[in-house]
1. Can you work out the Karplus-derived ³J(HN,Hα) for every residue in segment 88-98? Use 6.51 cos²θ - 1.76 cosθ + 1.60 with θ = phi - 60°, whole Hz, and x for glycine or proline.
2. Can you give me the C-alpha center-to-center distance between segment 51-72 and segment 22-40, rounded to a whole angstrom?
3. Just how large is the dipole of the chain about the Cα centre, in debye to the nearest 20, putting +1 at every Lys and Arg Cβ and -1 at every Asp and Glu Cβ?
4. In degrees between 0 and 90, to the nearest 10, how far off the longest principal axis of the chain does helix 41-51 point, with axes built from Cα atoms?
5. How high is the relative contact order of the chain, in percent, with contacts defined as C-alpha pairs under 8 Å that are six or more residues apart?
6. Compute the acute angle (0 to 90°) between the alpha-carbon long axis of helix 2-20 and the principal axis of greatest extent of the alpha-carbon atoms of the chain; round to the nearest 10°.
Amino acid sequence: MHELSIAANLVELASQHAAEHGGARVAAITLRIGSLSSVHADALRFSFDLVREGTPLEEAELRIVAVPVTVWCDACQTERELPGIQRFACPVCDAPTADIRAGRELDLESIELAEAALP
């Protein structure tokens, strides 16, 4: 389960970011995960919940933005979003394509720090 190592790396990166900003608490992390990335969102959430305990991310929310597979259709001369990953063909003209433009992502989009409470 590589989601556990991904979650551990996320916690480490976000903890370093929080430390660089005066030890702030991390409120949320947003990831973009493509349908072809081989990362399972539920397994990542479970792993994140495990590894964040005792860190500045203990109460952080893990936000996941699902990125669908987008391909270039040479026949239509445009990008098309595929309805699934079972068949790589244009959903409009049915021309086969292997020119993947999106859907492989595993990107850390943002780390949101919580504002410090005022005295």
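1. So the Karplus estimates, Gly and Pro as x, are 9, 9, 4, x, 9, 9, 6, 6, x, 8, 10 Hz.
2. Taking the Cα centre of each part, segment 51-72 and segment 22-40 sit 3 Å apart.
3. Numbers: 9 positive and 19 negative charges, 54 e Å.
The dipole of the chain has a size of about 260 debye.
4. So the inclination is approximately 20 degrees.
5. On the way: 218 pairs, mean separation 40.5, N = 119.
Result for the chain is 34 percent.
6. Taking Cα atoms only, the helix is inclined about 50 degrees.
Computed from the coordinates by the stated procedures, all read-outs in this text should not be read as laboratory data. Since we're looking at a predicted model, the values are computed, not measured. With ideal geometry, Cβ positions are generated from the backbone for all residues, glycine too; neighbour counts draw on all protein chains shown.
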